[in-house]
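Written out below as structure tokens is the structure these notes cover.
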């Protein structure tokens, strides 16, 4: 299936052969196997991101590759599991073999100025894919490195850091903390937040205790034949911006019937997108429509997870209802569902989800499902490797066709952007429904 993008394009890039960057010292690194919790198991997908840095009039970027590479060797002493290989353990779960093999690192030159990238808000695999390194011939997750890095210098003196990382190693918060620590190291600063890498604090209980229904794993029948639509139609990515005025109108609409008394930007936008996507995909009235979204569980534990927890501290929570209910009832109906799903996430629920996977090895079904993930609290643009903060950052693509991403734009962070991909015919309807 071909993916098309509104701002698509190609840039001429020549790449060096990758070198393997190993931890500068093995004093703090361990050999053997590194435990991944059950919260890490269900999201072993590759996330590709790029960070753009404009030219600095007072500082040449000629040596930027060396600076970032040396900093990577230093920071990997603290984040050493990223240098290992993903394996399947004897009990059928993902685990990291800590070999200190190293992280593939590539330096590249682009035969153009960085402004040809334009606004990289919308995922563009064709163009942005040239700015990240993927191992040729690696088609299975076990064949792919846990982390790769590429630094691409442009003729204007600007540069782009492209990073691929396996989601089983980090959620958004720990990925941001890793990148910030890497940047601090490049500036010869002491780490503000050293990582806490022991994930065994999220082991399943003995014996497992499943005390909550876990509808996030529920299989749904595709009675609307949406799989055929995705196979036959082109996938189109698009972005939609919501300023404070538009969000205020949405909140007012959601609360006008008195069903809910308040709502956040996340709950109202997630509810809006869930309804609009269900309608755009022409789900039949009796089709069950599922919404999955991640809730940060760090503060839900008593005591909370340690500061700098390196791993997935998020858990998926779920809403399910018939498409007819979702579309025909007011926006407050969907918002209330989202709010109730958030309230459900307690330490008990998270421990139950961990135990549920231990017993069933089930993975969340994505049939007739929208999976919303929010990066609105992540400050990737404040990353500074010594040439100033990133002027913009973005995703090369979205990891699954069911994923929608929320993030904040601009230095004042007053605009929330929605990114998602849909079959092109469904995208036309979705665009109309976003005119709110």
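Calculate the spin-label point distance for residue 307 paired with residue 232, positioning each point 7 Å from the Cα along the beta-carbon direction, and give it in nanometres.
Reported label-point gap for residue 232 and residue 307 is 5.7 nm.
How do 356-363, 397-404, 311-318 rank on mean C-beta neighbours within 10 Å, highest first?
Highest to lowest by the protection proxy: 311-318, 397-404, 356-363.
Return the FRET efficiency for the residue pair residue 97, residue 344: r is the Cβ-Cβ distance, R0 is 41 Å, and the value is rounded to the nearest 0.05.
Efficiency computed from Cβ-Cβ geometry: 0.70.
Go through 102-109, 113-120 and give me the packing order, highest mean Cβ count within 10 Å leading. Intermediate results must be reported in sequence, preceding the final value.
Working: 102-109: 20.4, 113-120: 15.8.
For the peptides 102-109, 113-120, the packing ranking is 102-109, 113-120.
Only bridges with both residues in the chain count here: give the DSSP antiparallel percent, nearest 5.
The antiparallel proportion sits near 75 percent.
Using Cβ contacts closer than 10 Å as the measure, can you line up 35, 53 from fewest to most?
Numbers: 35 17, 53 26.
So the residues, fewest neighbours to most, are 35, 53.
Taking 45 Å as R0, compute the FRET efficiency from the Cβ-Cβ separation of residue 223 and residue 187 and round it to 0.05.
Values: r = 55 Å, r/R0 = 1.23.
That pair, residue 223 with residue 187, gives E of 0.20.
Mind sorting 418, 191 by how few other Cβ atoms lie within 10 Å of their own Cβ, fewest first? Display every interim value, and only then the final one.
Details: 418 20, 191 16.
Ordered from fewest to most neighbouring Cβ atoms within 10 Å, 418, 191 come out as 191, 418.
Grab every C-alpha pair in the chain, bin the distances at 10 angstrom width from 0 up to the longest one, and report whole percents.
4, 20, 30, 27, 15, 3, 0
What whole number of Å gives the distance from the Cα centroid of the stretch 220-242 to the Cα centroid of the stretch 162-215?
Taking the Cα centre of each part, the stretch 162-215 and the stretch 220-242 sit 31 Å apart.
If you take the square roots of the eigenvalues of the alpha-carbon gyration tensor of the stretch 243-315 and sort them as a ≥ b ≥ c, do you get rounded (a/c under 1.5), prolate (a/b over b/c) or oblate?
oblate
Extension gain residue 322-residue 24, at 0.36 nm per residue separation less the Cα-Cα distance, in nm?
Working it through step by step, the gained length comes to 101.8 nm.
On C-alpha positions alone, give me the angle between the axis of helix 347-360 and the longest principal axis of the chain, in degrees, nearest 10.
The angle comes out at about 80 degrees.
For residue 138, project a label point 7 Å along Cα to C-beta. Then give me every residue of the stretch 70-95 with its amide nitrogen under 11 Å of that point.
Inside the label zone: 83-86.
What distance in nm separates the two pseudo spin-label positions at residue 362 and residue 413, each 7 Å out from Cα along the beta-carbon direction?
Label-label distance for residue 362 and residue 413, simple model: 3.6 nm.
If we count other beta carbons within 10 Å of each Cβ, what is the order of 263, 112, fewest first?
On the way: 263 23, 112 13.
Ranked by crowding around the Cβ, least crowded first: 112, 263.
List residues of the stretch 139-179, by number, whose backbone nitrogen lies under 20 Å from a label position 7 Å along Cα→C-beta of residue 10.
152-155
Could you check the simple spin-label distance between residue 433 and residue 284, using points 7 Å along Cα→Cβ, in nm with one decimal?
Going by the 7 Å Cα→Cβ label model, 1.8 nm.
Just to be sure I understand: of the beta bridges DSSP finds with both ends in the stretch 3-202, what percent are antiparallel, rounded to 5?
Approximately 85 percent, going by the DSSP bridge assignments.
Tell me, in nm to one decimal, what length is gained between residue 401 and residue 156 on full extension, where the rule is 0.36 nm per residue of separation less the Cα-Cα distance?
84.7 nm
For a test of the definition: using alpha carbon positions, the gyration tensor, and the 1.5 limit on a/c, classify the stretch 215-433 as rounded, prolate or oblate.
Rounded, since a/c falls under 1.5.
Rule-based calculations on the coordinates, nothing more; no lab input. Please read all numbers here as calculations on a predicted model, not as lab measurements. For neighbour counting, all protein chains shown are included, and Cβ atoms are generated from backbone atoms with ideal geometry for every residue, glycine included.
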